[in-house]
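None of the figures in this text is laboratory data; all of them are computed from the coordinates on show. Here the structure is a predicted model, which is why all the values come from computation and not from measurement. Heads up, the Cβs are rebuilt from the backbone with ideal geometry, glycines too, and the neighbour counts pull from every protein chain shown.
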Amino acid sequence: MPPAQSPLDSLISSAIEKNPHLQQRKLRVEARQGHVVLRGVVNSYYQKQMAQEALRRLEGVDQIENHLEVNWL
């Protein structure tokens, strides 16, 4: 059984799922005590920035490390 999501994890998942620039992306997010780390692959620097911006204003997010890789197709 997977561990239960924290309220912050739920907010982050929802923000990424609702963002039209990030749909169908397999992003991995680690969140602990307001520190969020983004990992995965996106198709453009714009998508990389949009992933970060989608989380920036969420309550409980204090710091974002954006380690998303851009893979030009």
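Some notes on this structure:
- Crossing angle, helix 7-18 versus the chain [Cα axis fit, 0-90 degrees, rounded to tens]: 30
- For q = 0.16, 0.20, 0.28 Å⁻¹, Debye-computed log10 I/I(0) when each Cα of the range 25-73 counts as one equal scatterer: -0.40, -0.61, -1.05
- Summarising the amide proton neighbourhood of Ile64: residues at separation of 5 or more, or on other chains, whose placed amide H is nearer than 5 Å comprise Val36.
- Residue among Leu38, Ala51, Leu27 farthest towards the positive dipole end of the range 25-73, charges placed on Cβ: Leu27
- Ordering of 59-65, 6-12 by packing [mean C-beta count within 10 Å, highest first]: 6-12, 59-65
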